[in-house]
């Protein structure tokens, strides 16, 4: 049988030794190597989770929304507001007060607040966010606040509304 494994069958391939011929020190070296590998895996996993934090997600969503809001205003034939004038903030949470605000998943929500007509006129929308292990996310906003995915531009043509649903990524290192 070509490609068949001989492990556990009592047969040996060419150049292999029976287990009784393996010295104890080699066995200890394998155990130490396996332990180090598992330790590195767990520490990397833990670091990867912490890299997907609330602060990083909030910063990314704030910047992406600010840029896309300016694009939407241009679609509508209006001047794009400056980032300072828009004063966008995002407050993100994963699954409520009893869940750590870190790691991937689709239980994230981000309340995005911006000053549409200048200071004193805040508008807020809660986005449902799916965060992947690589730091990329998809945010879907409520149509009642941010409009439908397809909306009219300044000339009446249907275009994609960039603030209705958007994707972004952030550095996880």
Against the condition at pLDDT 95 or above and surrounded by 15 or more Cβ atoms within 10 Å (Cβ to Cβ), how does residue 104 come out, does it pass?
yes
Kindly list, by first and then second residue, each pair from a residue in region 145-173 that is without any contact (Cβ under 8 Å) to a residue 60 or more places away in the chain to a residue that is surrounded by fewer than 18 Cβ atoms within 10 Å (Cβ to Cβ) and not in a strand (DSSP E or B), limited to pairs with Cβ atoms under 7 Å and residues at least 6 apart or on different chains.
160/149; 164/143; 164/147; 164/148; 164/149; 165/149
Residue selected from region 101-122 under the condition closer than 15 Å to residue 58 by Cα and assigned to a loop (DSSP other than H, G, I, E, B), by the criterion farthest from the chain's Cα centre (by Cα)
101
Can you pull out the residues in region 68-87 that are in contact with a helix residue (DSSP H, G or I) (Cβ under 8 Å, 6 or more places away or on another chain) and within 18 Å of residue 169 (Cα to Cα)?
69
Within region 73-88, can you find the residues that are touching a strand residue (DSSP E or B) at 6+ places or on another chain (Cβ under 9 Å), assigned to a helix (DSSP H, G or I) and farther than 11 Å from residue 114 by Cβ?
75
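The values are calculated or read from the model by the stated rules, or taken from the named source; none is laboratory data. The structure presented is a predicted model; accordingly, all values stated were derived computationally and were not measured. As a convention, Cβ positions derive from the backbone with ideal geometry for all residues, glycine included, and neighbour counts pool all protein chains shown.
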